[in-house]
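As structure tokens, the structure follows; a few thoughts come after it.
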Amino acid sequence: MPAPGTNRIAEIYTREQDRFLRFIRRNTYGDESLDAEEVLSDVITHLLERSGLVAGIENLTAYIYRSLSNRILDRRRSRKPQISLDASDENDAPLFTPTDTRPLPDKELENSELGATLYQAIDELAPAERAIFIATEIDGRSFAELAEEWDEPVGTLLSRKSRAAAKLRKRLAHIHNTSKESL
């Protein structure tokens, strides 16, 4: 018996396959290193492996499009050429000369105050909202991974994160307005 959600994934894949491929090709135009069929296969395989979580996803088609976008970005990041900082050009001069990148004292103080305000605003969130915000934004964990670990539906985690972000935006709006005025 197939896992719950497998039929739903197969149905959407069959119906939307051409659109998914066009979407991938449009977003990878000019990047021959990314094969559209390979990206789509990778995302669908990943979903099928976690088909138990699909039941908690209300709009699976949108979720697949977001997964495709994320996979394209992941592949682009992993294929960036590496440049050695120790290599030199034809004049034997180093390609990279370290400079003092420390911020000026007033900027350092401003950044410190901003950080303190941000951490205080995060601390004021409800525990569940704070946990999902920190796990996704600071620790970089995925909603699917957290849903499985915390035994919560993905939709619940998404709404908690949305509420947390809205509260933080409201709480920190004065900082955003102040930075606009100083420009």
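Read-outs throughout are calculated quantities, based only on the coordinates presented, and are distinct from any laboratory measurement. Keep in mind it's a predicted model, so treat the numbers as computed, not measured. Note that each Cβ is placed from the backbone with ideal geometry, even for glycine, and that neighbours are counted across all protein chains shown.
Dividing the Cα radius of gyration by the Kirkwood radius, what Rg/Rh value follows for the range 6-78?
On the way: Rg = 12.0 Å, Rh = 12.5 Å.
Computed over Cα atoms, the ratio is 0.96.
Arranged from highest to lowest average of other beta-carbon atoms within 10 Å per residue, in what order do the peptides 24-33, 141-150 appear? It would help to have the intermediate numbers written out before the result.
Numbers: 24-33: 12.0, 141-150: 16.0.
The most tightly packed comes first, giving 141-150, 24-33.
Taking other Cβ within 10 Å of each residue's Cβ, how do SER78, SER159 sort, fewest first? Numbers along the way, then the final one.
Details: SER78 7, SER159 13.
Taking fewest neighbouring Cβ atoms as first place, the list is SER78, SER159.
Using the Karplus curve 6.51 cos²θ - 1.76 cosθ + 1.60 with θ = phi - 60°, work out ³J(HN,Hα) for each residue of the range 146-151 in order, rounded to whole Hz, and write x for Gly and Pro.
Per residue, the Karplus-derived 3J(HN,Hα) values read 5, 4, 5, 5, 8, 6 Hz.
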